[in-house]
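Undergrad: Below you'll find the structure I mean.
Read the figures in this text as sums done on the coordinates, not as results from a lab. None of these values were measured; they are calculated from a predicted model. Every residue, glycine as well, gets a Cβ built from its backbone with ideal geometry; the counts of neighbours run over all protein chains shown.
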Amino acid sequence: MSTVNSAERPSRAVRAAAAAATLVVMLGATQLWGALPAGASPNMQSTGSSFAGAAIQEWVGTSNTLFGLNINWQVQSSIIGLNQFATNQVDFGASDIPYSSGQAQSSPNQPYQYLPDVAGGLAFMFNLNGQDGSQITNLNLNATVISKIFFGKITSWNDPSIRALNPAICPSANQCNLPNQPIIPVYRSEPSGENYLLSDYLVHQDPADINAANTDFSRSPLKLPSATWVYPSDLSQVNNSNNYPNLGKFVPQVGSDNAANYVSSAASVGSITYVETAYAINHHFPVASLVNAHGGAVQPSSLNVATALEAAVLHPDLTQDLTGVYTNPLANAYPLSAYSYLVAACSPALAAGQHTSCAGGPNTPSPFSTSKGQALGQFVSYLACAGQRRMSFLGYSPLPPVLVQEDFLAVGRMNGGVQPPAPTAANCKNPYVDGTTVLPGAPVIIGIAGGGVNPTTAAAGGGAGGAAGTNGTSTSSGGSGSSGSKNGSGSGSATKGLTADQIAKGYTIVNGQVVHKACPEGRFICGADLAAATKSVIGPSGLLYIGWSLFLLALVLGPPLIASRVKRRKAGNAEGAS
């Protein structure tokens, strides 16, 4: 039987020090993140939207670290999220479109509700080099050209319709840096929320091309808008094929990650796809500026998305009508902006207690367990507040206060959910709630609240509808109107809409995005912003605590570890001498 030399065993002092160190860490965790969980959190399954996928992935990882929540999140598509929630394969889904869109194969057999989780812009990520060999990063597109690209009507990047939109790249016919490069459209081959959003935009903005393609490509035309992209199953069977000379160049991809990976490849010069902005930022690739109703070409920055969504109209169940977003007349509105949602359980009895109802499903008791309701409620409360702090850095736009309040109410409609108090700057670190970021405006919610702007923003640049109250809800009803937020225009002042403190700290507005002056022109993210975002997760007091904790650990563990090392060395020397 093997024996262990007593000199190799940890001494009582070392064991005591280790126990003390563990206690210090546990106390620190309690101070930083609240009481440690009394028991294991239930395992929950979720899948769905790739549009919101990067945001949800961050929230899941952080909530596991902070609260011990056990959520298995799989990025797939909105349609899969709707289908798997409806068939009880997941505890909650994620989708950019509702069941009422008619895109899901099944409807839930339990009462359910929609919870807005984040806003974003559908961006056109592209890989293009100019005739001079340099990467083109300042491309402009509009709805008509996008339609012609994704239905195969134009074949080359120096097409006259693209040249006309890009005077900075093509000042004249003899001085044009756009190459005679074939266009490679990369589309989502599976049913997805991105397909639905893009087709909805084109149905409203340029219906001629999408209606013609739907007829020419399909023996049984799709009901538009559609989560399935309009593309022929058999190229040889296309009607009026001369109108679609570029169809043979199309590349199908499953998922936003795969679409972005394809476009970012060195072998994919000339390609373009549509993804949420986060995917382009993650790959360090440019996205096209989109011409809006005002006539300006704007980037899908956090501020521009929020400004566009002032014109969104949400139904009482919180599902969205984006018609007004596509035509928002504000100078810096990014027209292809939308909210994404969680689809979760709802108790009709708890909803009735709030004088409202669930979004859909049978009027029967919710089968969702109280333990899962409590855990999911904690997750939603986190994502609606502190979880929004890094959204602008990732490529999204935070939820406005009125939707934070709606998410809190939704928590109160879950079995076991503990509804948080109304969001305030003290209890909700969402940048639009605590004033860290100027709120451009908020959507109209029919029958619940009117759109509104932050009072400080309204004082600086005028606003739409009612002013936001201190609890994040609108104090007066009204639509977003044409007199809405004017701050942050990409073509306007570099500081208009910023607070005095932000200006003093060196912040400016670049392409509608609030960045520090140290950031290179046109970039969404710079090192200083990322450092600040990381620091904001735990706050200055948390960082200070960690520093002191490490110092105390060194004091506690240092002497016994040194003594133990000396003792082992002496024992080794004694054995060598014998």
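Undergrad: Any idea which of N242, A280, S268 is furthest toward the positive side of the dipole for region 135-293, if Lys and Arg beta-carbons carry +1 and Asp and Glu beta-carbons -1?
TA: N242
Undergrad: For region 146-186, what is the convex hull volume of its Cα atoms per residue in Å³?
TA: Normalising the Cα hull of region 146-186 by residue number yields 67 Å³.
Undergrad: Send over the Kirkwood Rh of region 39-110, from the inverse of the averaged 1/r over different Cα pairs, rounded to one decimal Å.
TA: For region 39-110, the Kirkwood estimate is 12.5 Å.
Undergrad: In addition: Highest mean first, how do 256-269, 396-409, 234-247 rank when packing is the count of other Cβ atoms within 10 Å averaged over residues?
TA: Result, highest mean Cβ count within 10 Å first: 396-409, 256-269, 234-247.
Undergrad: Which semi-axes, in whole Å and largest first, does the equivalent ellipsoid of region 331-430 have when worked out from the alpha carbon gyration tensor as the square roots of 5 times its eigenvalues?
TA: 26, 16, 12
Undergrad: Please give the direction-averaged projected area of the C-alpha convex hull for region 87-153, in square nanometres with one decimal.
TA: 8.1
Undergrad: Run the quick spin-label model on Q237 and Q354: label points 7 Å from Cα toward the beta carbon, then report their separation in nm to one decimal.
TA: Reported label-point gap for Q237 and Q354 is 4.7 nm.
Undergrad: Just how large is the dipole of region 278-424 about the Cα centre, in debye to the nearest 20, putting +1 at every Lys and Arg Cβ and -1 at every Asp and Glu Cβ?
TA: Taking the Cα centre of region 278-424 as origin, the dipole is about 340 debye.
Undergrad: How big is region 255-337 in terms of Cα radius of gyration and Dmax, in angstroms?
TA: Rg then Dmax for region 255-337, in Å: 14.6, 47.
Undergrad: Got a sec to turn the phi values of region 263-269 into Karplus ³J(HN,Hα) couplings, 6.51 cos²θ - 1.76 cosθ + 1.60 with θ = phi - 60°, whole Hz, x for Gly and Pro?
TA: Values, residue by residue: 5, 7, 5, 4, 8, 10, 4 Hz.
Undergrad: Let me ask something else about it. Give the residue list of trypsin sites (Lys or Arg not before Pro) in region 218-283 that are DSSP loop and have at most 13 other beta-carbon atoms within 10 angstrom.
TA: Loop-located and lightly packed - R219, K223.
Undergrad: Sticking with this structure for a sec: At 4 °C and 1.567 mPa s, grab the translational diffusion coefficient of region 385-435 from Stokes-Einstein with a Kirkwood Rh over Cα pairs, rounded to a whole number in µm² per second.
TA: 115
Undergrad: For region 174-214, what is the Kirkwood estimate of the hydrodynamic radius, computed as the reciprocal of the mean inverse distance between distinct Cα atoms, to one decimal in Å?
TA: Mean inverse Cα-Cα distance, inverted, gives 12.7 Å.
Undergrad: Using the alpha carbons of region 244-286, what is the convex hull volume per residue in cubic angstrom, as a whole number?
TA: Enclosed volume per residue, from the Cα hull, is 84 Å³.
Undergrad: A further question follows. Based on the alpha carbons, how large is the Rg to Rh ratio for region 268-418 when Rh follows Kirkwood?
TA: 1.05
Undergrad: What are the semi-axes of the equivalent ellipsoid for region 121-264, taken as the square roots of 5 times the Cα gyration tensor eigenvalues, largest first, in whole Å?
TA: 26, 17, 14
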